[in-house]
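**Student:** I have a structure here, written as structure tokens, and I will follow up with some questions on it.
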Amino acid sequence: MAEFTFHHGGVSVPSLDEALEWYGRVLGFAVEKRFYIAPAKAHAAMVRKGPLRFELFEVEGAAPLPEERRFPPSDLRTHGNKHVAFRVEDLEEFLAEMEGKAVDVAFVVREAFGKGCFIRDCAGNLIEFVEEPDA
């Protein structure tokens, strides 16, 4: 089987400039490059934080995110990509930081199998953060 590694995730947003500001201020991503994808009529940017990359798209005439895609349990009822997930060392510390930045926390899970949360970016897209349990 061919070898491969993860490269990036991507989301569509109504305003690329607002998303770049949000992903930088809230999560510490920096712009790696901006570009235009003519066939999709999309202004895009690749943002990076260490080895992590995330691609943001502002597409002419794009439909807004449906309400049911803004809440993890209802989002699972629609086929397709769901979210990206990032690991955090301490979920409670992360949640306190997000609260300090007035971030929209969509869902928090504290179970024996692990702890995590979903936040919404400035466009309502879900992003998961996971604290793995001690082995």
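**Student:** Being β-branched (Val, Ile, Thr) and within 24 Å of CYS122 (Cα to Cα) is the filter here; which residues of the stretch 1-17 pass it?
**Tutor:** Matches in the stretch 1-17: VAL11, VAL13.
**Student:** When you scan the stretch 102-115, do you find a residue that is at pLDDT 95 or above, out of contact with any strand residue (DSSP E or B) (no Cβ under 6 Å at 6 or more places or on another chain) and not polar (S, T, N, Q), even just one?
**Tutor:** Yes, the conditions are met somewhere in the stretch 102-115.
**Student:** Another question about this same structure. Looking only at the stretch 92-104, how many residues end up being among the β-branched types (Val, Ile, Thr) and loosely packed, with under 15 Cβ neighbours inside 10 Å? Break it down stepwise before answering.
**Tutor:** As a first pass, look at the stretch 92-104 and keep what is among the β-branched types (Val, Ile, Thr): 103.
Add one more test, that the residue is loosely packed, with under 15 Cβ neighbours inside 10 Å, and what stays is none.
Residues in the stretch 92-104 being among the β-branched types (Val, Ile, Thr) and loosely packed, with under 15 Cβ neighbours inside 10 Å: 0 in total.
**Student:** I need a count of the residues in the stretch 107-135 that are under 15 Å from PRO73 (Cβ atoms), of a type in the set (A, V, I, L, M) and crowded, with 18+ Cβ neighbours inside 10 Å.
**Tutor:** Residues in the stretch 107-135 being under 15 Å from PRO73 (Cβ atoms), of a type in the set (A, V, I, L, M) and crowded, with 18+ Cβ neighbours inside 10 Å: 1 in total.
**Student:** Checking the conditions here, which among GLU60, GLU128, GLU68 is modelled with pLDDT of 90 or more, closer than 30 Å to LYS41 by Cα and either touching a Ser or Thr at 6+ places or on another chain (Cβ under 8 Å) or among the aromatic types (Phe, Trp, Tyr) (or both)?
**Tutor:** On inspection, the qualifying residue turns out to be GLU68.
**Student:** For TRP22, work out the one condition from (1) among the hydrophobic types (A, V, I, L, M, F, W, C); (2) touching a Lys or Arg at 6+ places or on another chain (Cβ under 9 Å); (3) under 18 Å from ALA85 (Cα atoms) it doesn't fulfil.
**Tutor:** The failed condition is (2).
**Student:** Can you pull out the residues in the stretch 90-123 that are assigned to a loop (DSSP other than H, G, I, E, B), farther than 24 Å from HIS7 by Cβ and not β-branched (Val, Ile, Thr)?
**Tutor:** Selection gives ASP90, LYS101, ALA102, ALA112, PHE113.
**Student:** Right, another one. Of the residues PRO39, PRO133, only one is out of contact with any Pro (no Cβ under 6 Å at 6 or more places or on another chain), of a type outside the set (D, E, K, R) and at pLDDT below 95; which? Break it down stepwise before answering.
**Tutor:** Numbers: PRO39 fails: at pLDDT below 95.
After applying the criteria, what remains is PRO133.
The values are calculated or read from the model by the stated rules, or taken from the named source; none is laboratory data. All figures in this text were calculated on a predicted structure; none of them were measured in a lab. For neighbour counting, all protein chains shown are included, and Cβ atoms are generated from backbone atoms with ideal geometry for every residue, glycine included.
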